[in-house]
Amino acid sequence: MSKLEDFLNFQDVDTITEEIYINKRLGTFKVKPLTSVKHNEFRNRCLTRNKKGETTTDLNKFNLLVITEQTLEPDFSNSEFLAKVGCQTAREFIERKFFSGEIMMLANKILEISGFDIDMNEQVEEAKN
């Protein structure tokens with residue numbers, strides 16, 4: 001097969017899932033990586049403008065979106081599950097049950113499997129060889 005055929009035969013990224021271990025307290029989660037479309041959607045949903053018209057990204061909101069939208073197991077959108085624990089939304093559940101560091105850790109691991117852990121310097125060196 002040619003390199004182009006190899007590339008075209010890559011698995012669609014929206015069908016990939018991974019199990020990631022967070023810590024002893026939370027255990028393992030089944031998640032899916034972010035596509036570029038989802039990443040842009042989440043970033044746009046988290047932009048805020050101040051009175052001067054400058055935009056900033058609400059990182060907490062972004063992390064919560066990544067977790068609630070990309071986690072398959074446990075299913076944070078399951079209404080029976082949320083009702084059992086006395087929460088209305090997945091965001092409320094995560095904010096009540098996770099430490100802030102665990103929220104960052106889970107979101108970062110999802111971003112890692114989405115390709116955000118790739119070191120550009122390593123890629124440049126690999127391309128040179």
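The values are calculated or read from the model by the stated rules, or taken from the named source; none is laboratory data. All of these numbers come straight from a predicted model, not from anything done at the bench. Cβ sites come from the backbone with ideal geometry, for glycine too, and all protein chains shown count toward neighbours.
When you look at residue 101, is it part of a helix (DSSP H, G or I), surrounded by fewer than 13 Cβ atoms within 10 Å (Cβ to Cβ), over 10 Å from the mean Cα position of the chain (by Cα) and touching a residue at least 60 places away in the same chain (Cβ under 8 Å), yes or no?
It is false that residue 101 is part of a helix (DSSP H, G or I), surrounded by fewer than 13 Cβ atoms within 10 Å (Cβ to Cβ), over 10 Å from the mean Cα position of the chain (by Cα) and touching a residue at least 60 places away in the same chain (Cβ under 8 Å).
Sort through 43, 25 and tell me the only one that's modelled with pLDDT under 95 and farther than 22 Å from residue 99 by Cα.
On the way: 25 fails: farther than 22 Å from residue 99 by Cα.
43 is the lone residue from the list that is modelled with pLDDT under 95 and farther than 22 Å from residue 99 by Cα.
Would you mind stating whether residue 35 is in contact with a helix residue (DSSP H, G or I) (Cβ under 9 Å, 6 or more places away or on another chain) and closer than 16 Å to residue 113 by Cβ?
Details: in contact with a helix residue (DSSP H, G or I) (Cβ under 9 Å, 6 or more places away or on another chain): yes; closer than 16 Å to residue 113 by Cβ: yes.
So residue 35 passes the test.
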